[in-house]
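Taking it in order: structure first as structure tokens, then the write-up.
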Amino acid sequence: MKFNIAVAKGDGIGPEIMAAVLRIFDAAEVQLGYEYVEMGKSYFDAGHSTGMTAEAKETIERLGILFKGPMETPKGKGVKSINVTARKVWNTYANQRDFRSLNGVDTVFSKAGIPINLTIVRENIEDTYGGIEHLLTNDVAVGRRIITRPGSAQVIRYAFEMARRKGYSKLACGHKANIMKLTDGLFLETFYEIAKEYPDIQSSDIIVDDLCMKLVSRPEMFQAIVLTNLQGDIVSDLCAGLVGGLGFAPSANIGDNISIFEAVHGTAPDIAGRGIANPTALLLSGILMLRYLGFTSTAAKIENALLYTLEQGIHTGDFGDKSVPASNTDTFADAIISNLGKMPSKDGVIAQPDVPNKANQDHPAKNKLTVTNGNVKEEMIGVDVFVESNLQPSELAAIAQTKLTGNFELIMISNRGTQVWPTGSIFTELVNEYRIRFEKKEGIEITQKEILHIAADLSESLKVCSVEFLMKFGGKIGYTLAQGQ
Ligand code: NAD
């Protein structure tokens, strides 16, 4: 029996490469049925603010699997990226991107005889991709970076499970917890918590800048790396460069209910409509999807045909030997079809028996809410009030002092995160947004209402931009100190 999936052809080169891939699927007798859904630029243009029709949403939520071509989000209309929205709305929390050297795809590393085979698992929902940004003064924009314990646990557990499934012996966590102590710190802490459940996998962590340096100098050090969203996005494009570019970078966006399979690259507007795009990344994404759905023997058959074709030196215009004429999208797909059943001389995949229909088609009755360790004792310590001001730090401190009630102390003032009062450097340059930190006096209990009063009182003399509470959780401070504090 066929398993039905939703298919969105996408924009730009999307329809061309999707047609090529589905033709290869058909020739390989993939046991899939396709329900085409309406998503992408033309649906934004037709007035659908989410870039998809209500029917498309219903179909994807019913089927649980979306195989999609790249999509363009109209610029300057204030609409959010359809690609990011789809990943977030349907909670596809893990973005798995596999990178391996392919015979016939020359890179600096293949020429040096260094094979690359590594997987990046990128958190897919949180981080700065929440897109929560505000212009607080005409000069100062801020964005919220959201890292959560349940969200981190979901993607990290997925990465460990994937490592085990692939027979990897190690998993590294890339991070910047030396600077972003609470956000990346939480991700890293969760990584080592979950690592305890996987003693068979060697776990380690690495600061993301060092990781980038090591990836380009000694990529063979790594098997799998799990990262937060933005860092994972950047590092995975770096890895695409290691194996020959975006034309060879597949991706799977995995969720508990809905999963999306797509190439890493975009709509390639510069070559769209010319029939010359490379369908390999979308095909590799389709192979990931077949494996995810349990169609492992068909996945192996297609992958072997692709590897065999590449070994023959057959290539599209974006890679390969320039002295050999380039195939177009269709003739490249034809070559793969004619090679179905053949085995490459190197890195051939041994077919495993199929275990079909793994997709979870549960339909939850309400939104899932995850709270961890709700018994941790919380204590309110104070508040950071962010204000717009052109005053000098000491003048601002004088105003803030007048707003103090008996329960609070003025602790410090910072500008762009650097302390400028009570001590600082005359060489610290300022912008017109300050943070003023008030903390309660020792031994006193304070309420949120009292704290908000401080901000309200300050607003009589200064423009308050935003307010952030200072809390302790289980006795640990839940806020950072200013640089120089
Ligand atoms: P892009 O990936 O579309 O193109 C970058 C370069 O790579 C171009 O020179 C292009 O010709 C080439 N390229 C990409 N895919 C190729 C392929 N399969 N074969 C041969 N060459 C290929 O990136 P961009 O130009 O920055 O973005 C174009 C549009 O795609 C934007 O609207 C962007 O928002 C969108 N986009 C969508 C997705 C997605 O759907 N997941 C991802 C990235 C970008």
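The values are calculated or read from the model by the stated rules, or taken from the named source; none is laboratory data. If you're wondering where the values come from, they're calculated on a predicted model, not measured in any experiment. Neighbour counts are summed over all protein chains in view; Cβ atoms, including those assigned to glycine, are modelled from backbone coordinates with ideal geometry. Only protein heavy atoms, including side chains, enter the accessible area calculation; ligands, DNA and RNA are left aside. Shrake-Rupley method; radii C 1.70, N 1.55, O 1.52, S 1.80 Å.
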Going by what's in this entry, would residue 205 be described as at pLDDT 95 or above, part of a strand (DSSP E or B) and under 30 Å from residue 484 (Cα atoms)?
yes
If we keep just the residues of segment 8-66 that are on the phi > 0 side of the Ramachandran plot and within 11 Å of the ligand (Cβ to nearest atom), which is modelled with the lowest pLDDT?
51
Please go through (1) within 14 Å of the chain's Cα centre (by Cα); (2) open to solvent by 10 Å² or more (accessible area, probe 1.4 Å) for residue 92 and return the number of the only condition it doesn't satisfy.
(2)
May I ask you to list pairs of residues, at least six apart or on different chains, whose Cβ atoms are under 6 Å apart, with the first in segment 280-297 being on the phi > 0 side of the Ramachandran plot and the second being open to solvent by 10 Å² or more (accessible area, probe 1.4 Å)?
294/354; 294/355; 294/356; 294/358
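So, in segment 243-253, exactly how many residues are more than 6 Å from the ligand (Cβ to nearest atom) and open to solvent by 10 Å² or more (accessible area, probe 1.4 Å)?
Of segment 243-253, the ones more than 6 Å from the ligand (Cβ to nearest atom) are 243-245, 248-253.
Okay, now just the ones that are also open to solvent by 10 Å² or more (accessible area, probe 1.4 Å), so 244-245.
Within segment 243-253, residues that are more than 6 Å from the ligand (Cβ to nearest atom) and open to solvent by 10 Å² or more (accessible area, probe 1.4 Å) number 2.
Under 22 Å from the mean Cα position of the chain (by Cα), within 15 Å of the ligand (Cβ to nearest atom), of a type in the set (D, E, K, R) and open to solvent by 60 Å² or more (accessible area, probe 1.4 Å): does that describe residue 75?
Values: under 22 Å from the mean Cα position of the chain (by Cα): yes; within 15 Å of the ligand (Cβ to nearest atom): yes; of a type in the set (D, E, K, R): yes; open to solvent by 60 Å² or more (accessible area, probe 1.4 Å): yes.
Yes.
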Verdict on residue 75 being charged (D, E, K, R) and either in contact (Cβ under 8 Å) with a residue 12 or more places away in the chain or at positive phi (or both)
no
List the number of the failed condition for residue 61; all other conditions in (1) in contact (Cβ under 8 Å) with a residue 60 or more places away in the chain; (2) surrounded by 18 or more Cβ atoms within 10 Å (Cβ to Cβ); (3) not in a loop (DSSP other than H, G, I, E, B) hold.
(2)
So which residues in segment 426-440 are open to solvent by 60 Å² or more (accessible area, probe 1.4 Å) and either touching a Ser or Thr at 6+ places or on another chain (Cβ under 8 Å) or modelled with pLDDT under 95 (or both), if there are any at all?
none
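Considering only segment 130-186, state which residues are of a type in the set (Lys, Arg) and over 14 Å from the mean Cα position of the chain (by Cα). Write out each step before concluding.
Restricting attention to segment 130-186, the residues satisfying the condition of being of a type in the set (Lys, Arg) are 144-145, 149, 157, 164-166, 170, 176, 181.
Once the filter is applied, which keeps residues that are of a type in the set (Lys, Arg) and over 14 Å from the mean Cα position of the chain (by Cα), segment 130-186 yields 144, 149, 157, 164, 165, 166, 170, 176, 181.
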Condition (residue is over 15 Å from the mean Cα position of the chain (by Cα), more than 10 Å from the ligand (Cβ to nearest atom) and surrounded by fewer than 24 Cβ atoms within 10 Å (Cβ to Cβ)) applied to segment 260-273: is it met by at least one residue?
yes
Taking only segment 181-193 into account, find how many residues are touching a helix residue (DSSP H, G or I) at 6+ places or on another chain (Cβ under 9 Å) and surrounded by fewer than 20 Cβ atoms within 10 Å (Cβ to Cβ).
3
So residue 319, is it open to solvent by less than 60 Å² (accessible area, probe 1.4 Å), at pLDDT below 90 and either within 30 Å of residue 302 (Cβ to Cβ) or assigned by TED's automatic domain parsing to the domain that holds residue 26 (or both):
yes
Among 195, 240, the single one that is within 16 Å of the ligand (Cβ to nearest atom) and closer than 29 Å to residue 290 by Cα is 240
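Can you name every residue in segment 104-147 that is of a type in the set (A, V, I, L, M, F, W, C) and under 20 Å from residue 467 (Cβ atoms)?
Looking only at segment 104-147, we keep the residues that are of a type in the set (A, V, I, L, M, F, W, C), and these are 105, 108-109, 112, 114, 116, 118, 120-121, 125, 132, 135-136, 140-142, 146-147.
Result: 132, 135, 136, 140, 141, 142, 146.
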Selected residue [at positive phi and open to solvent by less than 80 Å² (accessible area, probe 1.4 Å)] from 151, 167
167
Of all residues being over 21 Å from residue 59 (Cα atoms) and charged (D, E, K, R) in segment 1-37, which is least open to solvent (accessible area, probe 1.4 Å)? Just the residue, please.
16
Do you know which residues across segment 289-316 are within 25 Å of the chain's Cα centre (by Cα) and at pLDDT 95 or above?
289, 290
